[in-house]
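Okay, structure first, notes after.
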Amino acid sequence: MADIKIIVLDDDPTGSQTVHGCLLLTRWDVPTLREALADDAPIFFVLTNTRGMSAERATQVTREVCRNLKQALHGSAVQPIFVSRSDSTLRGHYPVETDVMVKELGPFDAHFLVPAFFEGGRFTRGSIHYLRADGKEIPVHETEFARDSVFAYRHSYLPDYVEEKTQGRVKAAAVARFLLADVRGGALDRLLRLEGNACAVVDAENQSDLDRFAADVRRAAGQGKRFLFRSAASLLTSLAALPRQPVAPEQMSSYVRGTQGGAVLVGSHVPKTTRQLNELLKRPGVVPLEIDVNRLPQDHAALLAEIGAAAQAAHSIGNTPVIFTSRVERQFPTQDDRLAFGEKVSAFLMDVVRRLPATLGFLISKGGITSNDVLSNGLALRTSRVLGQILAGVSVVRCPHDHSRYPDMPVVIFPGNVGDDAALATVYERLAQPAKSASHPAIVRG
């Protein structure tokens with residue numbers, strides 16, 4: 001039987017939030033893909049960042065990755081399992097990306113929606129996707145995420161979600177439902193009967209549910225069945241079946257380089273991130289640096305000089321600059337206008353990253369799209385390896401040893417919608433040296 005390799009096209013870099021020891025690729029040329037296929041880890045991620053793009057651009061990028069993957073896989077003994085990894089709150093370019101993957105990498109016997117992400121409190125029961133928060137189980141269409149300005153939706157019942165997002169091309173009644181009883185009782189026979197790119201949705205309340213389902217998927221793949229998945233991160237844990245990560249979350253400070261502090265970069269503007277940021281700013285030894293996005297793009301150079309100088313000054317005395325965009329989300333007439341402005345803000349943030357002090361000990365990046373840009377543009381990494389999680393759902397990767405500016409620096413990839421209000425502060429405290437200043441500086445606004 002061929003070796004099974006899980007190949008994940010990740011629409012931002014947070015899909016690695018439940019695994020370790022594997023490669024993240026920010027480039028997808030054929031030689032880089034072949035390097036990942038030959039890697040010992042059973043899984044790798046291609047960071048497409050498509051959630052931050054228009055549907056047209058997401059189509060182009062996904063097509064390019066798929067065509068290069070076909071070349072890289074040609075003549076290989078690898079049996080691939082393809083995953084389109086996206087947000088567990090159902091935000092993203094579905095079915096745009098899976099349609100391209102079916103066309104370029106198919107035919108598939110079925111494609112599955114498996115959005116459960118237990119570390120983030122998301123699970124699926126009776127084909128309804130829920131968020132567990134404050135002791136309540138909330139259907140996700142009732143949450144703030146369903147009102148996203150780009151990826152809004154009306155349904156938590158996944159068959160209805162599919163019909164909504166495919167604009168009726170796939171009817172809810174045609175969607176195959178793998179309920180908890182099906183998953184827990186064993187789904188292999190049913191998986192083997194699927195054909196013709198059937199659409200299916202999968203229940204899961206805990207990791208053991210997905211462990212059982214993933215084992216059946218691997219058996220079916222070993223018998224020649226070809227499946228495509230649109231999933232959150234928890235399915236990847238089960239598919240990869242990795243051992244425990246080598247360094248415990250509480251000991252991640254062992255990866256910090258040097259004795260000086262790090263920096264925190266916050267691009268995500270969801271309310272959860274803002275609450276987490278406010279908690280972090282209460283900690284001693286941090287210097288808040290607010291970026292007034294209303295000055296962009298016209299005042300890019302002056303604003304960059306101000307933020308860069310303030311970050312250097314904070315770092316030079318052992319404090320940690322916390323650089324964040326202004327918290328009010330601007331309104332735009334169209335989705336394309338909103339995405340275009342987001343790209344301008346991200347370009348500014350990456351200029352900030354490139355000018356951070358060379359003696360930085362660590363970097364925390366808050367927000368999925370922001371983190372993708374940090375890895376691919378700000379740090380210009382071709383590949384990086386996941387060290388593990390510093391907090392449930394929050395990964396740490398490390399710059400390569402030969403990185404020109406930040407060799408071996410750990411970088412935290414912190415999704416916008418993960419963790420309680422103290423989570424960002426907890427991650428900072430696990431990495432930071434003891435604060436050298438007990439005073440709390442005033443916010444520096446750029």
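Table: residues versus (1) open to solvent by 30 Å² or more (accessible area, probe 1.4 Å); (2) under 30 Å from residue 126 (Cβ atoms); (3) in contact with a helix residue (DSSP H, G or I) (Cβ under 8 Å, 6 or more places away or on another chain); (4) among the aromatic types (Phe, Trp, Tyr).
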{"site": "212", "(1), (2), (3), (4)": "yes, yes, yes, no"}
{"site": "220", "(1), (2), (3), (4)": "no, yes, yes, no"}
{"site": "236", "(1), (2), (3), (4)": "no, yes, yes, no"}
{"site": "283", "(1), (2), (3), (4)": "yes, no, yes, no"}
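Of the strands (runs of 3 or more DSSP E) lying entirely inside segment 97-137, those containing at least 1 residues that are in contact with a His (Cβ under 7 Å, 6 or more places away or on another chain) and either open to solvent by less than 10 Å² (accessible area, probe 1.4 Å) or under 26 Å from residue 392 (Cα atoms) (or both) are 122-125.
For every residue, the table says whether it meets (1) more than 30 Å from residue 330 (Cβ to Cβ); (2) open to solvent by 40 Å² or more (accessible area, probe 1.4 Å).
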site	(1), (2)
146	no, no
158	yes, no
168	yes, no
195	yes, yes
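So that you can scan it fast, the table gives a plain yes or no per residue for (1) at pLDDT 95 or above; (2) surrounded by 22 or more Cβ atoms within 10 Å (Cβ to Cβ):
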{"residue": "297", "(1), (2)": "no, no"}
{"residue": "318", "(1), (2)": "no, no"}
{"residue": "332", "(1), (2)": "no, no"}
{"residue": "336", "(1), (2)": "no, no"}
{"residue": "347", "(1), (2)": "no, no"}
{"residue": "365", "(1), (2)": "yes, yes"}
{"residue": "384", "(1), (2)": "no, yes"}
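Of the set (1) closer than 12 Å to residue 108 by Cα; (2) at pLDDT 95 or above; (3) not hydrophobic (A, V, I, L, M, F, W, C), all apply to residue 224 but (2). If you go through segment 209-237 and pick out every residue that is in a helix (DSSP H, G or I) and under 17 Å from the mean Cα position of the chain (by Cα), you end up with 5. What do you reckon, is residue 57 without any contact (Cβ under 8 Å) to a residue 60 or more places away in the chain, under 20 Å from the mean Cα position of the chain (by Cα) and open to solvent by 40 Å² or more (accessible area, probe 1.4 Å)? Against the criterion (without any contact (Cβ under 8 Å) to a residue 60 or more places away in the chain, under 20 Å from the mean Cα position of the chain (by Cα) and open to solvent by 40 Å² or more (accessible area, probe 1.4 Å)), residue 57 qualifies.
Those residues that are touching a helix residue (DSSP H, G or I) at 6+ places or on another chain (Cβ under 8 Å), open to solvent by 10 Å² or more (accessible area, probe 1.4 Å) and outside any strand (DSSP E or B), I need them from segment 386-404; list them, please.
392
The values are calculated or read from the model by the stated rules, or taken from the named source; none is laboratory data. Keep in mind the model is a prediction, meaning the values are calculated, not measured. Here the Cβ is made from the backbone with ideal geometry for all residues, glycine too, and neighbour counts use every protein chain on show. These area figures cover heavy atoms from the full protein model, side chains too; ligands, DNA and RNA do not enter into them. Shrake-Rupley method; radii C 1.70, N 1.55, O 1.52, S 1.80 Å.
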